[in-house]
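The values are calculated or read from the model by the stated rules, or taken from the named source; none is laboratory data. Note that the structure is predicted; figures quoted are calculated from it, not measured. All Cβ positions, even for glycine, are placed from backbone atoms using ideal geometry, and neighbour counts span all protein chains on display.
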């Protein structure tokens, strides 16, 4: 910072806008480094009794400011994660929630709960439509850019698809709308939010259109010539989704979520009768190699034929779908055999949606949930840990090539 001030004093003709941008960048970087030092308990190269972890390089972050784009370096930690509070990782979501509440209040369709929230936000006397419009436009532009960005910068071997239902007011009626979200694990082992869509129901056409939009944005599909595309899709057993995956993502295996399958067993047998059955099925997923998984699966199926023939029949028919995970590296199994890894994301979506209860229109759903997804995406990108290690991702590459010509992992693994 002092060096920049010296430059200005030495040459008053320097472009003031550029100098201000550089001064702002230096100031922000100093604040980030100071916060990292406080979290770690020590400055760079300093040893103190209070130090709880160590720095592990940095990750670049571009920040838009009134003075232009500034490039910042976010310190990474060997243990835990760090994201500077001055960048306010949750501010966009809070603004989106505020905008949705305001929209409901202005449209006169808010519930008593929303009215109370408006008063808590300091709007006893009302809020103008122009103010709401300005807030919404700012959020909508950022969310639209995120949801429609290209995703061909890498390949995504694992794709997770899930849906939830939200209430929205359409044409004077409150109806339920299907919100579908796609997350993926990319070639370097990190997770990303790939997209979301809103529709009337989880029909085959709806899922097909959604998956096609991902392909149009650059989602790579596995082929015989290049198997490094979507290798495995994990989801529940919705018929429309399965049909869409088969049509739009050829070459991808489908993993039926084991948690959803256990719930289906409980629904069919009841809570008491299903407990021993689900406990027995769980032993399939305790095996440590593909051969043992197959052997245990068939043993469990046979053991259920006498007492629970309908469950045994279902298991036999679902063998390929419930054990698709076994063809992937062992290190990945626990995170690909169910949709559980995105449960936290689903909880955050529900938590934000429950505040609103009934959305005033479809655009407000996209605004709020899109902001939630964008913030989660950034947290995943700037977290210091990969979801899967680089070593295990190299194993996956060799697995997918399946003894074909030698794989070239350096082409697909990014830093």
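When you look at residue 322, is it buried (at least 21 other Cβ atoms within 10 Å of the Cβ), within 31 Å of the chain's Cα centre (by Cα) and under 16 Å from residue 292 (Cβ atoms), yes or no?
yes
Could we say that residue 298 is part of a helix (DSSP H, G or I) and over 21 Å from residue 254 (Cα atoms) here?
In short, no.
Hey, could you check region 344-355 for residues that are out of contact with any strand residue (DSSP E or B) (no Cβ under 9 Å at 6 or more places or on another chain) and surrounded by fewer than 16 Cβ atoms within 10 Å (Cβ to Cβ) and say which is farthest from residue 253 (Cα to Cα)?
Only one residue tops the list, namely 355.
Among the numbered criteria (1) at pLDDT below 90; (2) in contact with a strand residue (DSSP E or B) (Cβ under 8 Å, 6 or more places away or on another chain); (3) within 30 Å of residue 54 (Cα to Cα), which one does residue 359 miss?
The single condition residue 359 does not satisfy is (3).
When you go through (1) closer than 28 Å to residue 321 by Cα; (2) assigned to a helix (DSSP H, G or I); (3) modelled with pLDDT of 90 or more; (4) touching a helix residue (DSSP H, G or I) at 6+ places or on another chain (Cβ under 9 Å) one by one for residue 400, which number turns out not to apply?
The number of the failed condition is (4).
From the list 163, 142, 182, which residue is in the same structural domain as residue 367 (by TED's automatic domain parsing), surrounded by 16 or more Cβ atoms within 10 Å (Cβ to Cβ) and either within 15 Å of the chain's Cα centre (by Cα) or not in a strand (DSSP E or B) (or both)?
That would be 142, the only listed residue that is in the same structural domain as residue 367 (by TED's automatic domain parsing), surrounded by 16 or more Cβ atoms within 10 Å (Cβ to Cβ) and either within 15 Å of the chain's Cα centre (by Cα) or not in a strand (DSSP E or B) (or both).
Mind checking whether some residue in region 88-110 is more than 23 Å from residue 374 (Cβ to Cβ), loosely packed, with under 15 Cβ neighbours inside 10 Å and modelled with pLDDT under 80?
yes
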